[in-house]
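These notes concern the structure reproduced below.
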Amino acid sequence: MSRSLTTREAMVEGITQAMDADERVFLMGVDIGAYGGAFQQTAGLMKRFGEERVMDAPISESAFVGASVGAALAGLRPIVDLMFSDFIGVCMSQMTHHMAKLRYESAGRMRVPVVVTAPIGAGLRDGPQHSGSPYGTLAHFPGLKVVVPSSPADAKGLIGAAIRDDDPVVFLFHKQTLGLAKLPPNPRASGPVPDHPYTTPIGTAEVKRKGRDVTLVAVGWMVHRCLDAADELASEGIEAEVLDLRSISPLDRDAVLESIRRTRRLVVVDEDHRSFGVSGEVLAIVAETAFGQLDAAPRRVVMPDASVPFSPPLEDALIPSVSEIVAASREVCR
């Protein structure tokens, strides 16, 4: 049976069902216990499972992320929550030198089933140190899986898959998709979610809207903006296909190419920076594999190579907008 949940509620339900099913699963993080997380992404879990399985950690990401690696090697399945994804820099060594490499270094004998969860994204006036979307950076390191859900159903399915995976998974959720009352209204932040436990396969993209004229590739909150842009384009007779990557590493290259073969035009929309990011990787895949099938040069609608400002007008000017997506789509469809 499906009910309508917010993305935040779906995440909590997915974690709850995984913890009910497997007593090895536990959580660590800053303010995730009685407070319920900075964005209420762990609300109610300490009350249900107790302080031994939902542990408030000190503000020392390198310490508790490092501890999660040891716990995983000892047979547990930790979930570590970072208050903001920007803080990944503090514990990068634990994630990229140890968590990501131990299985390779041990010829597969060691498994590190850690899930790192963290919010991403701009638009909330959180300033340059709390507004990043570093999924491209993390996906650069072999051994780390990186997923970014855009819908409540995918949030539950991907967190369930991440917890059950024997490799480390970074689960990044966009603040604008959570459906919290304190956040800007977003009707796409709520949606149908099955009540039973299930998983969404990591490494599979999904067509959120079918179209014949142009492919819009995005992830997270930008999927919502692409769907809004597709609605506007449809009124002009342009049918846009919206492809939600869902997984950054592994990346579903086949899904990108299949969509391009249908539409023969591409616009990549990404809240990460223009240089050295996911948008460039998608363009490279298409250029190397399906360049001859394009009827127009592909376009990108992305964040510039600049820190997210605290000033609301400046921040809004940096974030890819629906009007920019529409304009880029019109251009490739001429």
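Every number in this text was worked out from the coordinates using simple rules, so none of it is lab data. Since the model is a prediction, treat every value here as computed from it, not as a measurement. So basically every Cβ, Gly included, is an ideal-geometry build from the backbone, and we count neighbours across all protein chains shown.
Among Ser62, Ser235, Ser93, the residue with the largest mean-square fluctuation in a Gaussian network model of the chain, with springs joining Cα atoms closer than 10 Å, is Ser235.
Run the Debye formula on the Cα coordinates of region 120-170, all scatterers equal and no solvent, and tell me log10 I(q)/I(0) at q = 0.13, 0.18 1/Å. With one equal scatterer per Cα and no solvent, log10 I(q)/I(0) is -0.39, -0.71. With all projection directions averaged, the alpha carbon convex hull of region 1-85 covers 5.9 nm². The string of couplings for region 313-328 from the Karplus curve (6.51, -1.76, 1.60, θ = phi - 60°) is x, 5, 4, 5, 5, 7, 6, x, 9, 4, 5, 5, 5, 4, 4, 5 Hz, one whole number per residue in order, with x for Gly and Pro.
How much length is gained on full extension from His196 to Met1, taking 0.36 nm per residue of separation minus their Cα-Cα distance?
On the way: separation 195, 0.36 × 195 = 70.20 nm, distance 0.75 nm.
Length difference between fully extended and current span is 69.4 nm.
Taking every alpha-carbon pair under 8 Å whose residues sit at least 6 apart, the chain reaches a relative contact order of 17 percent. For the chain, the longest principal axis of the Cα atoms and the long axis of helix 61-73 meet at an angle of about 70 degrees. Entry for region 272-330 at q = 0.26, 0.28, 0.29 Å⁻¹: log10 I(q)/I(0) = -1.12, -1.17, -1.20, Debye formula applied to identical alpha-carbon scatterers, no solvent contribution.
Taking the centroid of alpha carbons for each part, region 267-334 and region 163-204 are 23 Å apart.
Rounded to the nearest 10 degrees, the inclination of helix 152-164 to the longest alpha-carbon principal axis of the chain is 50 degrees.
In this simple spin-label approximation, Ala327 and Ala63 carry label points 7 Å from Cα along the Cα→Cβ vector, and these lie 4.9 nm apart. Using only the C-alpha atoms, the convex hull of region 206-333 corresponds to 98 Å³ per residue. Legend: calculated FRET efficiency, Phe310 to Ser93, from the Cβ-Cβ distance at R0 = 30 Å, rounded to 0.05, equals 0.55.
With a simple spin-label model that places each label point 7 Å from the Cα along the Cα-to-Cβ direction, the separation between Asp31 and Ala317 comes to 3.0 nm.
Arg125 to Ala287: extension gain in nm, 0.36 nm per residue of separation minus the Cα-Cα distance?
Going from the current span to full extension adds 54.7 nm.
Kirkwood analysis of the Cα pair distances in the chain returns a hydrodynamic radius of 20.1 Å. Applying the Kirkwood pairwise sum to the alpha-carbon positions of region 2-194 produces a hydrodynamic radius of 16.5 angstrom. Based on DSSP H segments of at least four residues, each scored -39500 (n - 2.57), the chain has a per-residue ellipticity at 222 nm of -10000 deg cm²/dmol.
With respect to the chain, whose longest principal axis is taken over its alpha-carbon atoms, helix 278-290 is tilted by about 60°. Per-residue extension of 0.36 nm, minus the Cα-Cα distance of Leu73 and Glu52, leaves a gain of 5.7 nm for this segment.
Between amide H atoms placed 1.01 Å from N, distances below 5 Å from Arg300 occur with Val268, all of them 5 or more places distant or on a separate chain.
Taken along the Cα-to-beta-carbon direction at a fixed 7 Å, the label points for Ser275 and Ala107 span 4.2 nm.
Computed from phi, the 3J(HN,Hα) profile of region 225-234 under the Karplus parametrisation 6.51, -1.76, 1.60 (θ = phi - 60°) reads 5, 5, 5, 5, 5, 5, 4, 5, 5, 4 Hz, with x in place of Gly and Pro.
Given in Å, the Rg to one decimal and the Dmax to the nearest whole number for the Cα atoms of region 53-119 are 11.6, 34.
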